[in-house]
Amino acid sequence: AVAAFLPSVNYAFQVAGGDMTVEYGNNSTIGAGVKYKTAANWIWSLDVNFIFGSTIKNADSILSMVETDNHFIIDGNGTYALYSLYERGYNANISVGKIINVFKSNPNSGLMLTGGVGLLVHRMKIDNQHRTAPQIVGDYAKGYDRLRAGLSLNEFVGYFYMGKSKLVNFYAGFEFVQGFTTSQRDWIFDQMKKDTGTQLDLFYGIKVGWFLPVYNRAPDAFYYN
């Protein structure tokens, strides 16, 4: 086995759980980071993942103060505003784990188990075309966007493959995230109060990634012993 730096990119599909299910559906993430694998197959990781989704629950209830009875918003021109709601956020993590060699012919690959801590931030983005509805743009949008942030924990179990070719290197498996978030807004318009509670935000998903190993000594000779 060899030590190597592993710049990486990844994608994950996540199922929402816990308090996240009140306002959001399933989402996806794309991310980038760097890993360091030791010769003893310990692995350290630093990554940032962008969260995006399009399923917003209770949208009419959240925007009820600025909607008509037919659930439209009148913009500054006196016409119906064109707007969409999205889930947005990011999760930055530091994690450590172990690669357990399964196939002796490749000592740099095997079952990967990791765990770590990070920062989770998420919100509801209100996208108003041409920004014609002042009641849902700028500072007013902050009263509806449910911006939350807090400490997160993450665990991953899957397979890590580092081949003799620098192009064929990947990992894939199941990721679990637990976030403990609080509101970052002073006032929630539709609730007419400040949200002072802590949420338990859960994500369960399948994550795949590709990496490019950077090492001083190629491991090819070990593959053919």
Sequence order, region 125-136: Karplus ³J(HN,Hα) from phi using 6.51 cos²θ - 1.76 cosθ + 1.60, θ = phi - 60°, Hz rounded, Gly and Pro as x, gives 8, 9, 9, 9, 4, 6, 6, 8, 10, x, 6, 10
Once all protein chains are kept in place, Trp210 shows an accessible area at probe 1.4 Å, nearest 10 Å², of 100
In this structure, among Lys142/Lys194; Lys35/Lys125; Lys57/Lys125, pairs with alpha-carbon gaps over 22 Å are Lys35/Lys125
For Ala81, other-chain or 5+-apart residues with amide H closer than 5 Å (H placed, Pro excluded) are Ile73, Ile74, Asp75
At q = 0.16, 0.19, 0.27 Å⁻¹, the log10 of I(q)/I(0) for region 138-214 from a Debye sum over equal Cα scatterers comes to -0.72, -0.82, -1.14
Any aspartates and glutamates whose Cα falls less than 19 Å from that of Lys164, other than same-chain ones fewer than 8 residues away, would be Asp220
Ordering Arg146, Arg123 by the accessible surface of their heavy atoms, 1.4 Å probe, largest first, yields Arg123, Arg146
Of the convex hull drawn through the C-alpha atoms of region 63-180, the volume per residue in Å³ is 153
The ³J(HN,Hα) series, computed from each phi in region 28-38 with the Karplus coefficients 6.51, -1.76 and 1.60 at θ = phi - 60°, rounded to the nearest Hz and given as x for glycine or proline, is 10, 9, 10, x, 8, x, 9, 10, 10, 9, 7
For Ser183, Ser54, the accessible-area ranking with a 1.4 Å probe, largest leading, is Ser54, Ser183
Checking Tyr11, Tyr215, Tyr86 against a Gaussian network model of the chain (alpha-carbon springs below 10 Å), the top fluctuating residue turns out to be Tyr215
When the charge dipole of region 73-175 is computed with +1 at the Cβ of Lys and Arg and -1 at the Cβ of Asp and Glu, the Cα pointing farthest to the positive end, of Phe103, Val121, Ile73, is that of Phe103
Put Phe103, Phe176, Phe156 in order of accessible area, largest first, probe 1.4 Å, and you get Phe103, Phe176, Phe156
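The values are calculated or read from the model by the stated rules, or taken from the named source; none is laboratory data. None of these values were measured; they are calculated from a predicted model. For neighbour counting, all protein chains shown are included, and Cβ atoms are generated from backbone atoms with ideal geometry for every residue, glycine included. When the accessible area is computed, the model is the full protein with side chains, heavy atoms only, and any ligands, DNA or RNA have been set aside. Shrake-Rupley method; radii C 1.70, N 1.55, O 1.52, S 1.80 Å.
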